Amino acid sequence: MDQALTMARMTPSSRSTSEVDRLLAYQPLTVLPPVPAERRRVVVSWAQHLSEVRAAQRLRYQVFAEEMGARLSTTVPGHDIDLFDNYCEHLLVRDEVTQQVIGTYRVLTPVQAQRVGSTYSDTEFDLTRLRGLRERMVELGRSCVHKDYRQGAVIMLLWGALGEFMTRNKLDTMIGCASIPMLHNGVISGDVAASIWRQVQTTHLAPIEHQVRPRLPLPVERLDDSLDVEPPALIKGYLRLGAKVLGAPAWDPDFNAADLPMMMRIAELQPRYRKHFLGA
């Protein structure tokens, strides 16, 4: 674990002015060198400056809009930006040689969630049943990895840094929306999401006291939920760690995805992963 990790000291007033936005206007992502995946070295850190946040937002735009076809409303062309970004800590993984940001998460702490008035998940789900957890609950979001680096090492670095962050700040619960793309075999359909929901609700559904309801439900009852499909790699990873699914998926038309509400509690982390993520 990088012992130099520190929380980003960035306030909304220091992050977003029209002058800075103009200075940091969109520049195309650097073309990555053709280095074999096993030879690439990557490092993890927390964003300390707006320019680093912009790099993460450019990566998010590349993955979500250009690769996945999301329809994003943004204040800076070529960047994925929303109102929560100014209140979040941004975790980055870089290629050590090029310094290109090739992986990212954003983290909304309980204090900052109070300042902004909600979490992103609140906009998609009724989280009333989680009110007793909020004081020590962080929201994870906008996770993505550059397509040339999706071999596992990047997400492991991100998860390790998140575990250290949770321990250092005495936080015990992580929530977030895990996306399932609606595009399957060239056709936009909710059948894959319905089929994944059918699988996980029998094996990984949270107890009733923590279940939530989608504000815009995916109409799973009208979809084919019999497909033999696996959850996306990130969702499978969360479930292996011990995460629970909090309820049925919401439909996110802007991101062309179905979102599963998920929660990971540190106390429920699978023992074989505790040492790696918590150092215990």
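Here, each number is a calculation from the coordinates, and none is a lab measurement. Bear in mind the structure is a predicted one, so any value in this text is a computation, not a measurement. Here the Cβ positions follow ideal geometry from the backbone for every residue, glycine too, while neighbour counts run over all protein chains shown.
Worth pointing out:
- Computed from the alpha carbon atoms alone, the convex hull of the stretch 35-272 holds 140 Å³ per residue.
- Counting Lys and Arg as +1 and Asp and Glu as -1 over every other residue whose Cβ lies under 12 Å from the Cβ of Ala243, the net charge comes to +3.
- Where the alpha-carbon atoms of the stretch 111-231 are placed on the principal axes, they occupy 43, 38, 27 Å, in descending order.
- Summed side-chain charge close to Pro253 - residues other than Pro253 whose Cβ falls under 13 Å, Lys, Arg +1, Asp, Glu -1: -2
- A Förster distance of 25 Å, applied to the separation of the beta-carbon atoms of Arg150 and Arg274, puts the FRET efficiency at 0.50.
- Taking every alpha-carbon pair in the stretch 41-126 and binning the separations at 10 Å intervals from zero gives 17, 44, 33, 5, 0 percent.
- Charge context of Arg215, other residues only, Cβ under 15 angstrom, K/R +1, D/E -1: -4
- Gain upon complete extension [Arg198, Val42; 0.36 nm per residue less C-alpha separation]: 52.5 nm
- The distance from the alpha carbon centre of the stretch 203-228 to that of the stretch 149-187 is 20 Å, rounded to a whole number.
- Listed residues Leu216, Leu127, Leu171, most fluctuating in the chain (Gaussian network, C-alpha, under 10 Å): Leu216
- In plain terms, the chain from Leu205 to Asp254 could stretch by 15.0 nm, reckoned as 0.36 nm per residue minus the Cα-Cα distance.
- Taken along its principal axes, the alpha carbon cloud of the stretch 213-270 reaches lengths of 36, 27, 20 Å, longest axis first.
- Only Cα pairs under 8 Å and 6+ residues apart enter the sum, and on that basis the relative contact order of the chain stands at 18 percent.
- Once the chain from Ile188 to Thr75 is taken as fully extended at 0.36 nm per residue, the excess over their C-alpha distance is 37.9 nm.
- Ratio Rg/Rh [Cα only; Rh per Kirkwood] for the stretch 86-158: 1.07
- By the helix-only formula, in which each DSSP H run with n ≥ 4 contributes -39500 (n - 2.57) and the sum is divided by residues, the chain has a 222 nm mean residue ellipticity of -8000 deg cm²/dmol.
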